[in-house]
Structure formats: structure tokens, C-alpha cells
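Participant: Dropping a structure here in C-alpha cells format, bear with me for questions.
Bear in mind these aren't lab numbers, they're just calculated from the coordinates by the rules spelled out. Bear in mind the structure is a predicted one, so any value in this text is a computation, not a measurement.
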């Protein structure tokens with residue numbers, strides 16, 4: 001009889017918890033308080049799981065419990081850790097590493113960052129059924145998806161602390177990843193990090209490698225370290241590798257053994273190079289209008305306007321609710337926005353544009369878009385190649401560096417101690 005009462009008591013608690021969760025979810029939906037959806041998890045932990053002492057200030061009476069098997073204890077601990085880490089990673093904060101030099105010297109290869117999901121509001125996953133704590137492929141495999149396509153949710157972003165601001169370092173899903181992996185949903189595309197230099201409605205233009213936003217030069221702070229490619233001529237003396245390392249010059253090449261160099265320099269290293277007595281000439285390498293430094297570069301939009309990395313635009317960034325005129329001259333600028341990001345059909349028949357089967361000479365944007373560029377301007381795959389970044393591709397804001405690792409050094413010297421716990425500017 002006692003066991004029956006205990007069983008009925010537990011069943012009643014479970015039923016009441018389910019009823020409470022349903023009523024609470026309806027209430028949260030009505031008041032539009034998305035973050036309150038997590039409250040039933042706390043209630044459930046108090047009633048059933050008891051993984052956290054929610055009344056830590058009170059002395060808890062010891063209850064006689066049946067000893068759990070060691071295997072079950074380990075299973076419960078691992079399960080709780082995975083669930084907690086998944087919620088934390090999905091909705092609050094995620095670790096990220098810098099794999100390329102596109103943000104040098106603001107961010108370095110080997111920097112490990114924490115990225116805030118709540119700064120701009122976390123996205124509800126497009127693929128809610130997936131293997132925990134991995135991105136798009138299963139561990140120990142190269143191509144096996146780590147998610148199931150049975151349920152695909154539309155884009156929705158929960159409320160955050162603010163909006164993207166100009167010059168924020170933003171992590172986002174690589175916009176053209178679908179060209180290689182068309183089966184991947186947006187939230188499973190590769191992660192990239194760049195600096196947001198243009199907001200919805202801004203006019204972007206690059207003149208002789210200098211960036212202008214709405215007709216004004218880009219506002220820069222002390223922590224922003226843009227880099228460019230320079231031609232350096234010496235009297236025939238060659239730079240030693242030790243000298244280059246001293247001034248953190250890791251990118252470049254020797255053009256000839258007579259002292260001709262092509263180096264990637266920022267303001268600090270540029271001034272250092274100029275001070276060497278055997279340096280005869282230092283000149284920024286800038287691609288002239290209509291001329292590419294690299295013939296293989298495909299500049300957005302599809303080389304339609306003969307722009308290059310150093311002379312680009314002017315170009316207006318799409319903003320939600322704004323209507324633009326479209327014709328065969330500018331349609332390539334907006335084709336990907338219309339077809340891929342906002343999922344319309346687009347056809348051009350005899351110089352007439354049809355969107356979703358209707359003849360159209362204008363289009364109204366359904367999302368906000370952003371312009372992302374690397375601080376290493378001559379060595380960055382960014383918006384100058386693939387165009388606008390939609391708001392549904394934005395992952396979060398880079399907060400601070402928790403570890404920095406220099407692969408060119410050995411032992412404990414690999415750690416860049418001066419970068420630990422530095423805020424990302």
C-alpha cells in the first residue's frame with residue numbers, strides 16, 4: 001500500500017508538472033517573454049532531478065536513499081552535463097577559434113574566443129534534432145551529418161541585449177557555404193568571423209583601399225589594426241626572419257634576392273620598417289580601378305561592375321522593408337538575396353524579371369543585411385567576394401580571448417600571455 005501511494009504521488013507530480021509546463025508555455029507565448037520558457041526546467045530540477053541545490057542557504061536534511069549503481073551515477077552526471085552544455089552553447093555563449101589570418105592583427109591565428117549569443121539574441125536552431133556539442137558533422141567522420149532533417153524550423157531570433165553596431169567583431173554562418181554543401185541548413189553552415197563595417201541602409205565604398213561608409217572614412221579605434229600589402233625595397237640587404245618576427249610580420253614574400261619584398265603591414269610594423277637605414281622605398285600596393293591584382297578573383301556581384309578589392313562600390317546595403325527598383329543592370333546585386341536568402345523564384349525572360357511568376361520592376365527586402373570585412377584587407381575572404389550577410393546568418397558577438405596559442409613557438413612560449421582575457425574590440 002505504501003509503495004502504491006508513493007507511485008501515485010510521483011505520477012500526480014509528473015502530471016501536474018506537464019500541465020504546468022503547457023499552461024506556462026501558453027502564458028509566455030501570450031506575453032512574448034521567450035526567455036521564460038526555460039523556467040519549467042528549473043521547476044523540474046527542483047521536483048525530480050535535484051542536480052542543483054536551489055536553496056543552498058538552507059541545510060538539507062539527509063534522506064535515506066537506495067544506493068545508486070556507479071554506472072547509473074556516471075550516466076546521470078554525463079547526461080546533465082551534456083544537456084546543460086547544449087543549452088549554454090545554443091542560447092548563451094560558445095567557444096570559437098581563429099583559423100585564418102583574415103583578422104590579423106586585431107585577432108590572431110590561434111586566438112580562442114568566447115562568443116556571446118545573447119548580445120544580438122540567440123537563434124532558435126533550424127535543426128532542433130542534432131548530435132549535441134558538434135556543428136555539422138559527426139565526430140570521427142568527414143561528411144556524416146550531425147543533424148536530422150525531419151524537422152526544419154523557420155528563422156526566429158530571441159530577444160537580446162542589443163543590435164549589431166558598426167565595427168563589431170561578429171561571428172556568422174558563411175553565406176555561400178550552400179554552393180558546396182546545399183543540404184546544410186543555415187545554422188549548420190561554417191562559422192566565420194569578420195568585422196561588421198556596414199549596417200542595413202549604409203552605403204559602402206572603397207577608394208584606393210580606404211573604406212568609406214556613408215561618404216565618411218571608416219571610424220577606427222586604437223585596437224583596430226588594418227593591414228595592407230606593401231612593396232618594400234632595400235639596398236640589397238635582406239631582412240632576417242628574426243627581424244620580421246620581432247615586428248610580427250608573418251605574411252609576405254621575397255620578390256628577388258636583391259632586397260625586393262612584398263609584405264603585409266599594419267601601421268605599427270609599417271613605421272618600424274621605415275626606420276631601417278637600409279630600406280630605400282616603402283609603397284602601398286593598390287589595385288587601380290578596373291584592374292585586379294589577382295586575375296582569379298571573382299568580385300561581388302559576379303564581376304558585373306568591374307570592381308576590385310581596393311576600388312569597390314558605391315553599394316547600398318539592403319534593409320528590411322526597403323523597396324528598390326530592379327532591372328537587368330542591377331539584378332545580379334540582389335539575385336542571391338531574392339532567390340537564396342529570401343527563398344523566391346526569379347527568372348529573366350527577354351529582359352523582363354519575374355519573381356514568383358509575377359512581372360516585377362521592384363523588390364521589398366524581408367530581412368536586414370550586413371557588410372563584413374577582415375582587418376587584413378589584402379588577405380581576407382569577405383563581403384567583397386560574396387556580398388551581403390543576412391540577419392539569419394548572424395551567430396553572435398566576439399567577447400574576449402580566453403586563450404591564445406602561437407604555433408610558431410615552442411613550449412610554454414607558445415602561449416601569448418599578453419592576450420589572455422583581452423576584450424575583443
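Participant: Using the scaling law 2.2 N^0.38 Å as the reference, what is the normalised Cα Rg of segment 306-369? Provide the component values of the computation, followed by the final result.
Facilitator: Numbers: Rg = 12.4 Å, N = 64, 2.2 N^0.38 = 10.7 Å.
Against the empirical 2.2 N^0.38 Å value, I get 1.16 for segment 306-369.
Participant: Measuring from the lowest to the highest alpha carbon on each principal axis, how far does segment 187-237 reach, largest first, in angstroms?
Facilitator: Largest to smallest, the principal-axis extents are 51, 34, 21 Å.
Participant: Gain in length, residue 84 to residue 221, computed as 0.36 nm per residue apart minus the alpha-carbon separation, to one decimal in nm?
Facilitator: This chain segment gains 45.6 nm when fully extended.
Participant: Counting pairs of alpha carbon atoms under 8 Å apart in space and at least six apart in sequence, what relative contact order in percent does segment 228-284 give?
Facilitator: Value for segment 228-284: 52 percent.
Participant: Sticking with this one: For the chain, what are the per-bin percents of Cα-Cα distances with bins 20 Å wide, up to the bin holding the maximum?
Facilitator: 20, 47, 25, 8, 1
Participant: Take the alpha-carbon centre of segment 159-192, take the same for segment 406-425, and report the distance between them in whole Å.
Facilitator: For segment 159-192 versus segment 406-425, the Cα centre distance is 27 Å.
Participant: May I pose another question? Could you pull the Rg and Dmax for segment 271-415, using just the Cα atoms, both in Å?
Facilitator: 21.1, 68
Participant: Based only on Cα atoms, what Rg/Rh ratio does segment 228-284 have, Rh being taken as Kirkwood's radius? Intermediate results must be reported in sequence, preceding the final value.
Facilitator: Numbers: Rg = 9.9 Å, Rh = 11.0 Å.
Rg divided by Rh gives 0.89.
Participant: For segment 333-408, divide the Cα radius of gyration by the Kirkwood radius and give the resulting Rg/Rh value with two decimals.
Facilitator: 1.16
Participant: Still on this model: For segment 101-153, count the residues as N, evaluate 2.2 N^0.38 Å, and divide the Cα radius of gyration by that value, please. Present the calculation step by step, with values, prior to reporting the outcome.
Facilitator: Working: Rg = 15.1 Å, N = 53, 2.2 N^0.38 = 9.9 Å.
Its radius of gyration relative to the 2.2 N^0.38 Å reference: 1.52.
Participant: How tilted is helix 2-31 with respect to the longest principal axis of the chain? Cα atoms for both, answer in degrees (0 to 90, nearest 10).
Facilitator: 40
Participant: Using alpha carbons only, how many angstrom separate the centre of segment 70-134 from the centre of segment 324-343?
Facilitator: Each part reduced to its Cα centre gives a spacing of 34 Å.
Participant: Right, next: Hey, what's the Kirkwood Rh for segment 239-340 if you take every pair of different alpha carbons, in angstrom?
Facilitator: For segment 239-340, inverting the mean 1/r across all distinct Cα pairs yields 17.4 Å.
Participant: A further question follows. From the C-alpha coordinates alone, can you work out the Kirkwood hydrodynamic radius of segment 216-257, in Å?
Facilitator: On the way: mean 1/r = 0.0769 Å⁻¹.
Computed over segment 216-257, the radius equals 13.0 Å.
Participant: Restricting things to alpha carbons, find the Rg to Rh ratio for segment 78-215 using the Kirkwood radius for Rh.
Facilitator: 0.99
Participant: Here's a follow-up. Calculate the translational D of segment 153-271 in whole µm² s⁻¹ from Stokes-Einstein, where the hydrodynamic radius comes from the Kirkwood formula applied to all Cα pairs, the temperature is 25 °C and the viscosity 0.890 mPa s. Before the final figure, lay out the partial values.
Facilitator: Numbers: Rh = 18.2 Å.
The estimated diffusion coefficient comes to 134 µm²/s.
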